[in-house]
Amino acid sequence: MDSAVEETAKAVPNLEMDSAAPAEKQSKNALKKELKNKQREEERRRKEEEKDAKLAAAAKTGAQSQKSTAIL
């Protein structure tokens with residue numbers, strides 16, 4: 001989580017330069033909020049993938065345990 005905070009701190013000053021047209025320019029707070037929301041979504045997605053991987057590993061382990069018991 002600390003790395004996400006560091007990435008945010010590094011990315012915020014560069015965001016203002018990305019905007020080409022002054023009419024489309026967002027406020028600094030809006031850019032921070034957008035970046036924070038993206039990071040939250042990425043964190044949610046990562047945690048869900050880890051959860052799915054754990055469930056798949058547990059299911060695989062459970063299936064192997066059942067096979068071992070059936071052989072005995």
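Every read-out reported here was derived from the displayed coordinates using simple, explicitly stated rules and does not represent laboratory data. Remember, it's a predicted structure, so these values are computed and weren't measured experimentally. Virtual Cβ from ideal backbone geometry, glycine too; neighbours counted across all protein chains shown.
Before moving on, here are some points about what is shown:
- Efficiency of FRET from Cβ geometry, T8 and K51, R₀ 25 Å, rounded to 0.05: 0.55
- Listed by chain and number, the lysines whose C-alpha is less than 17 Å from the C-alpha of K60, apart from same-chain residues fewer than 8 away, are K51.
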